[in-house]
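K.L.:
The structure is given below, and queries will be raised subsequently.
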Amino acid sequence: MTGTLPVKISFSLPDGWRSAPPDEVGAPDAAFVALHPASIDGFTANITIAGGMRNDSATMRQIADESVRRLGQAGTVEVTKQEEVGTPDIPGLTDSPGVVQNLRLSTTLHGEPLELVQSQVYLGLEDVDRPSQRAVIELVLTAKPEQLTAVLDDFKQFVRSVRADQAA
């Protein structure tokens with residue numbers, strides 16, 4: 001079953017990307033998936049959006065670390081970069097710092113070894129009426145290392161377009 005986001009957001013997909021039903025592309029927990037058909041080479045570069053509500057005191061960095069542990073169950077994961085980002089990078093969605101991390105993954109696909117890279121962005125939206133609650137949005141680009149240069153700028157453009165839906 002396709003995941004849902006705890007808050008409504010809007011965004012723009014860069015040219016060359018198309019949405020795909022999460023269940024049909026093997027991402028049932030994602031609320032949204034976009035594929036980059038031009039990058040098909042045994043693996044299609046993709047962008048996923050997922051999220052949920054949190055009522056704990058975990059920092060955005062700790063939440064990003066949880067992702068590393070989850071991915072580690074399917075193969076080897078190396079964090080190649082992790083840093084906090086402020087609101088100038090993503091002005092429409094959050095007033096608190098988010099986390100960007102880049103990962104290198106060694107896994108298998110259809111029994112064959114596969115090397116992937118991910119760029120993950122974690123953003124939090126605090127509930128002003130209940131500060132202990134917050135929505136966490138996860139934006140992820142997954143690609144083979146040789147696909148990354150063709151899609152990374154698109155992902156950055158996509159992240160800059162993400163906004164909280166003011167009509168919601």
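K.L.:
Before anything else, pin down the relative contact order of the chain: Cα pairs under 8 Å, at least 6 apart, normalised by residue count, whole percent.
P.N.:
So the answer I get is 26 percent.
K.L.:
Follow-up. Through the Karplus equation 6.51 cos²θ - 1.76 cosθ + 1.60, θ set to phi - 60°, convert the phi angles of the stretch 31-45 into ³J(HN,Hα) values in whole Hz; use x for Gly and Pro.
P.N.:
For the stretch 31-45, the Karplus-derived couplings read 8, 8, 9, 10, 10, 10, x, 5, 9, 4, 7, x, 7, 9, 4 Hz, x marking Gly and Pro.
K.L.:
HN-Hα J couplings of the stretch 145-158 from phi, Karplus 6.51/-1.76/1.60, θ = phi - 60°, integer Hz, Gly and Pro as x?
P.N.:
Karplus-based 3J(HN,Hα) across the stretch 145-158 equals x, 6, 8, 4, 5, 6, 10, 5, 5, 4, 5, 4, 4, 4 Hz.
K.L.:
Report the local net charge at Pro37: Lys and Arg +1, Asp and Glu -1, summed over other residues whose C-beta lies under 14 Å from its C-beta.
P.N.:
Here the count lands on -2.
K.L.:
On each of the three principal axes of the Cα atoms of the stretch 8-49, give max minus min coordinate, whole Å, ordered largest first.
P.N.:
Computed over the stretch 8-49, the largest-to-smallest principal extents equal 33, 23, 11 Å.
K.L.:
What number comes out for the charge environment of Val77, summing +1 per Lys or Arg and -1 per Asp or Glu over other residues with Cβ under 15 Å away?
P.N.:
Around Val77, the charge tally is 0.
K.L.:
With viscosity set to 0.692 mPa s at 37 °C, what whole-number translational diffusion coefficient in µm²/s follows for the stretch 121-166 from Stokes-Einstein and a Kirkwood radius over Cα pairs?
P.N.:
Reported coefficient: 260 µm²/s.
K.L.:
What residues have an amide H closer than 5 Å to that of Gln133, excluding those fewer than 5 places away on the same chain, when H is modeled at 1.01 Å from N in the peptide plane?
P.N.:
Asp127
K.L.:
Can you work out D for the chain in µm² s⁻¹ from Stokes-Einstein, where Rh is the Kirkwood radius over C-alpha pairs, the temperature is 25 °C and the viscosity is 0.890 mPa s?
P.N.:
Translational diffusion coefficient: 150 µm²/s.
K.L.:
Placing one identical point scatterer on every Cα of the stretch 1-85 and ignoring solvent, what is log10 I(q)/I(0) from the Debye formula at q = 0.16 Å⁻¹?
P.N.:
Once normalised to I(0) and log-transformed, intensities are -0.85.
Bear in mind these aren't lab numbers, they're just calculated from the coordinates by the rules spelled out. Since we're looking at a predicted model, the values are computed, not measured. With ideal geometry, Cβ positions are generated from the backbone for all residues, glycine too; neighbour counts draw on all protein chains shown.
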